[in-house]
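Engineer: Okay, handing you the structure first.
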Amino acid sequence: MNNLLPPAEERDWSLVAWHGVSFWVPNDWTFIPVNDPNETRIQVISPGQFTVQLRTQKSKAKADLHPVIDKYLKVIENQAKKKRQTFTGRVSDKPDGELEYNWRSDVKTHGVVRQCPTCMKIVIAEVTGGKNDAVLAMSKKILATLKDHQDDGWIPWAAFGLVTASPENYRLEKFQFTSGYLTMRFAKNGQSIVTDRWGLAYLALEECTLEQWFIRSGKWDSSEGTLEPATIHGHEGFYWTAQLKPLVKLREAITMLFKWKWPAFKVSGAGWHCPDTNRLFMVTWQHRGKIDFDELIERTVCHNSGQSA
């Protein structure tokens with residue numbers, strides 16, 4: 001993930017990455033994802049009045065972006081009128097084909113609209129702030145880090161302190177964040193990747209070793225194999241190489257048969273303790289073979305100069 005870098009002067013900024021779109025924000029801002037099948041929406045809220053809002057729209061061909069932003073600004077204008085607020089908006093063309101826009105009502109907003117030439121997705125991204133906030137300066141700094149497409153075959157994901165990735169042909173199937181625990185599950189044709197993270201690691205390891213904790217977690221109970229000690233990201237950890245247990249294989253085969261998919265019986269796993277963040281990490285890839293597990297672990301970052309919001 002070395003191609004995902006914060007502004008040079010802001011190395012402590014946090015990465016936000018969701019459905020292939022990524023950007024950096026100050027590390028005390030909070031990420032809020034909202035998803036539906038046809039659109040991805042992201043909101044990041046600062047402790048003050050700054051808010052980053054981003055949405056993507058699917059498109060199969062090159063689009064005229066003017067109707068896209070005109071429609072969006074009309075919605076904002078109507079909302080302002082209902083509140084009896086003054087609204088002004090301006091749109092300008094940029095040399096690279098993007099549209100830059102500003103609007104003002106009870107808040108100030110600066111944003112851009114652009115279309116990825118590779119996947120054709122349309123991105124609307126903006127930064128909003130109070131009337132006395134330096135919105136333009138903050139927006140330009142954040143939007144300069146915006147990436148809407150990766151060209152290395154991997155999709156970055158970053159939220160709530162977890163930075164990871166999935167192969168570009170895997171889709172997000174589950175995302176759960178609760179106090180002390182976060183999990184993301186990606187799937188493709190019967191194969192799956194699950195990335196788990198637990199907080200308060202020192203409490204979890206008070207009465208057992210790291211190896212015992214991973215075994216007791218139950219995450220690898222459905223498979224049988226070899227647990228090998230390893231150093232992962234400079235920390236104590238383990239690699240797990242296994243096959244699904246016989247009864248689990250049978251159940252998996254029957255399930256996949258009804259879905260017209262080949263079952264995946266192999267399991268590659270890794271787990272480690274990051275003292276720097278007081279967290280435990282576990283990555284499990286159920287697959288049919290020919291995977292780049294080392295690359296996946298390399299992209300699952302437990303701590304860095306920049307973390308995730």
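The values are calculated or read from the model by the stated rules, or taken from the named source; none is laboratory data. Because the structure is a prediction, the values reported are computed rather than measured. Don't worry about glycine lacking a Cβ; one is built from the backbone with ideal geometry, like all the others, and counts go over all protein chains shown.
Engineer: Do you know which residues across region 103-128 are of a type outside the set (A, V, I, L, M), farther than 16 Å from Lys141 by Cβ and within 27 Å of the chain's Cα centre (by Cα)?
Structural biologist: Arg114, Gln115, Cys116, Pro117, Thr118, Cys119, Lys121
Engineer: Regarding Gly269, is this residue at pLDDT 90 or above, under 21 Å from Arg299 (Cβ atoms) and touching a helix residue (DSSP H, G or I) at 6+ places or on another chain (Cβ under 9 Å)?
Structural biologist: Judged against the criteria, Gly269 is a match.
Engineer: Here is a list: Thr226, Thr241. Which entry is closer than 17 Å to Gly269 by Cα, under 28 Å from the mean Cα position of the chain (by Cα) and in the same structural domain as Val163 (by TED's automatic domain parsing)?
Structural biologist: Thr241
Engineer: Can you name the number of the only condition in (1) touching a strand residue (DSSP E or B) at 6+ places or on another chain (Cβ under 9 Å); (2) modelled with pLDDT of 85 or more that Trp220 fails?
Structural biologist: (2)
Engineer: I've got another one for you. Condition first: surrounded by fewer than 15 Cβ atoms within 10 Å (Cβ to Cβ) and in contact with a His (Cβ under 8 Å, 6 or more places away or on another chain). Now tell me which residues in region 120-165 satisfy that.
Structural biologist: Of everything in region 120-165, those that are surrounded by fewer than 15 Cβ atoms within 10 Å (Cβ to Cβ) and in contact with a His (Cβ under 8 Å, 6 or more places away or on another chain) turn out to be Leu136, Lys140.
Engineer: Sticking with this structure for a sec: All but one of (1) in contact (Cβ under 8 Å) with a residue 12 or more places away in the chain; (2) farther than 30 Å from Cys302 by Cα hold for Val75; which doesn't?
Structural biologist: (1)
Engineer: Failed condition for Val283, given (1) surrounded by fewer than 21 Cβ atoms within 10 Å (Cβ to Cβ); (2) under 25 Å from the mean Cα position of the chain (by Cα); (3) at pLDDT 95 or above, with all others met?
Structural biologist: So the condition that Val283 fails would be (1).
Engineer: Sticking with this one: Mind listing just one residue for me: the one in region 189-217 that is of a type in the set (D, E, K, R) and in a loop (DSSP other than H, G, I, E, B) and, of those, modelled with the highest pLDDT?
Structural biologist: Only one residue fits best here, namely Glu206.
Engineer: Ok, one more. Would you check if there is a residue in region 171-188 being in a loop (DSSP other than H, G, I, E, B), under 17 Å from the mean Cα position of the chain (by Cα) and not assigned by TED's automatic domain parsing to the domain that holds Lys81? Even if it seems obvious, please write down each step before you answer.
Structural biologist: Kept after step one, since they are in a loop (DSSP other than H, G, I, E, B), are these residues of region 171-188: 179-180.
Remaining after also requiring under 17 Å from the mean Cα position of the chain (by Cα): none.
Looking for residues that are in a loop (DSSP other than H, G, I, E, B), under 17 Å from the mean Cα position of the chain (by Cα) and not assigned by TED's automatic domain parsing to the domain that holds Lys81, one finds none in region 171-188, hence no.
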